[in-house]
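The values are calculated or read from the model by the stated rules, or taken from the named source; none is laboratory data. Predicted model, so just to flag it, every value in this text is computed and none were measured. So basically every Cβ, Gly included, is an ideal-geometry build from the backbone, and we count neighbours across all protein chains shown. These area figures cover heavy atoms from the full protein model, side chains too; ligands, DNA and RNA do not enter into them. Shrake-Rupley method; radii C 1.70, N 1.55, O 1.52, S 1.80 Å.
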Amino acid sequence: MSEKMSSSATASHLEDIKKRGFYLDDVYRHVKSFAVKDVQVVEDGKHLHIEWEDGHVSRFYSMWLRHNCHCGVCLPHTNYALIDFTKLDANIKISSAKKESDEVIVVTWTGENSEEKHHEGPLLTRFLRHHCYSDAAERTRSKQRAMTFHEDKTIPTLEYDSVVNSDEALYKWLVTLSERGICLIKNAPPSLEDMLKATRRIADVQPTIYGTTFEVESAPSEVEASNPAYTRIGLEYHQDQIHYESPPGIEVLHCVKFDECIKGGENFFVDMHEVAAKFKAEEPEDFYALTRIPSIADTVNYKRENPVHIRIQRPLITVNHKDEIVNVLWRPMLMAPLQVPEKDVQAFYKAYKKFYTLVTTYKSIYKHRLRPGDMLSFNNRRLSHGRKPYSENGHRLLQGCYMNISEFQSKVEAFHNKIGGGRFAVRSGAIDWQ
Ligand SMILES: [Zn+2]
């Protein structure tokens, strides 16, 4: 009798959660489910211990669990939790917890000094295991999210037709960009519309002060060019548009014309995260100076029809709470006068000179001379790019666009879940602590 009751209660909790459109089916489809061996309330209700069949132990704080309650009041529909913290006791306790099935644990909480005295709700075990924050689980996640630096210096290629027409090829493009930072799409038709047809498969264009798309072509006279990109001079390693609060993520350079007679003009790339990791290992004191002392990137131009005056102050390198490098921004040309307390000025320049030298002399990991029909895509938040100077003769015309880093990362995560078996996306170089 009691067994029958408990199994029908299980079915209803699970069905009820699924009926409310909780995101389990989409996001947790690939998360391995583990049987629960034991559930125990410990430390006078402060923590819950779950022992799983594989021997792993998860430990959840009372308030963490309350915040993530899966009942119909807390999570009426979709994945937006409605928890009113003003009504909760800061020292909320777990009064009981029981395994209802291998899929559901039901928890009750009590709060003495609060409006909410009692609450009961189910939590999905797959959710708990997936979000377990034990040291072991955190280490595994960090490993999966970490960027890896490759010895292979060839640029991976795909065909334009395939990325436009097949989801499998699009997924390959996403994974390559995510894990190598660069991918060459071959045989793209020359029109702007054709370039956008491919890039829109990832995300819409991220516009900048230079428009939604841009062209790189020599200006008639180098004096008239407002940006050195529009001349034939060489460009040192840099990332584009770092004066933006969210600098563009994916950059695409689509070659329309590049006459064979032109000497030079090759693009070359370096992985800024690889360089920063080396800097951290070799010069820790200077590395941390650059994570702490902010510099300013600016773009100011009042000669334009719409005057531009963008300034942003932040450190060149960002590390997360686990001391992992998550973001590096590099474009010395855009650096405005340093504006920090005097005690930091000398420390900044000591570190900056060393990092500048390391970046500038770092051997390129990728080199490429674009040919008409090439659409070179790369992660502007991970790679710095440069260009060799090129000769006066002949015609070189590139068109390009940017995509936002969050939208790119979103597409990678979604495709990992859709066709990639649910793996995590590696860090993209966004200012994202994961
Ligand atoms: Zn609830």
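Laid out as a table, the results:
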| read-out | value |
| --- | --- |
| Simple Cβ-charge dipole of the stretch 294-335, Lys/Arg +1 and Asp/Glu -1, about Cα centre, in debye nearest 20 | 160 |
| Heavy-atom surface of the chain, accessible at 1.4 Å and reported per residue (Å²) | 49 |
| Sequence-distant lysines (8 or more away, or on other chains) whose Cα lies within less than 24 Å of K93 | K37, K46, K117 |
| For the stretch 125-170, size of Cβ-based charge dipole, Lys and Arg +1, Asp and Glu -1, in debye | 540 |
| No Cys partner within the rule (Cβ under 4.7 Å), the chain | C71, C132, C183, C255, C261, C401 |
| Relative pair counts by distance (%), Cα atoms of the stretch 2-133, 5 Å bins | 2, 10, 20, 23, 22, 15, 6, 1, 0 |
| At R0 = 41 Å, FRET efficiency that the Cβ-Cβ distance of T140 and H395 yields, to 0.05 | 0.20 |
| Label-zone membership for the stretch 123-154, site E51, 7 angstrom Cα→C-beta point, backbone N under 20 Å | 125-126, 128-130, 132-137 |
| Estimated inter-spin distance, K350 and Y133, nm [label 7 Å along Cα→Cβ] | 3.6 |
| Links that overshoot a 23 Å alpha carbon limit, given the list K280/K367; K143/K322; K143/K354 | K280/K367; K143/K354 |
| Dipole magnitude (debye, nearest 20) for the chain, charges at Cβ of Lys, Arg, Asp, Glu | 560 |
| Ellipsoid semi-axes in whole angstrom, largest first, where each is sqrt(5λ) of the Cα gyration tensor of the chain | 49, 26, 19 |
| Residue (of Q206, V106, A146) at the positive-pole extreme of the chain, dipole from beta-carbon charges | A146 |
